[in-house]
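A.B. asks: Sharing a structure here in structure tokens format.
The values are calculated or read from the model by the stated rules, or taken from the named source; none is laboratory data. Bear in mind the structure is a predicted one, so any value in this text is a computation, not a measurement. Cβ placement follows ideal geometry from the backbone for every residue including glycine, while neighbour counts extend to all protein chains displayed.
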Amino acid sequence: MPRYRVIITRDVTESTFVDVDAESPEQAGTVAFEKLFESADTEWELDEGSWNKGDSYVTGVDEVS
């Protein structure tokens, strides 16, 4: 009988804080994304409760010997 390695995935969310100066909430979001993309050392944290909320699903199956 063949043996398989199955990748089972579940989606989680992560968040980070970006402090910006802006004239409106809309501009703050735009400026924050710009600052985020320029950063090489952004630290992300797993959102509380995110790790067990998503449904699991198969994302790959490979036959192994």
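A.B. asks: Please enumerate the residues belonging to the stretch 27-53 that are small (G, A, S) and surrounded by fewer than 12 Cβ atoms within 10 Å (Cβ to Cβ).
C.D. replies: Correct list: S39, A40, G49.
A.B. asks: A further question on this structure: Would you point out the residue of the stretch 1-52, among those that are of a type in the set (S, T, N, Q) and touching a Ser or Thr at 6+ places or on another chain (Cβ under 7 Å), that is nearest to S65 (Cα to Cα)?
C.D. replies: My answer is T9.
A.B. asks: Of the residues that sit in the stretch 5-41 and are within 30 Å of D62 (Cβ to Cβ) and hydroxyl-bearing (S, T, Y), which one is modelled with the lowest pLDDT?
C.D. replies: Top of the filtered list is T13.
A.B. asks: Which members of the stretch 9-25 meet the condition of being part of a loop (DSSP other than H, G, I, E, B), within 20 Å of T42 (Cβ to Cβ) and of a type in the set (S, T, N, Q)?
C.D. replies: T13, T16
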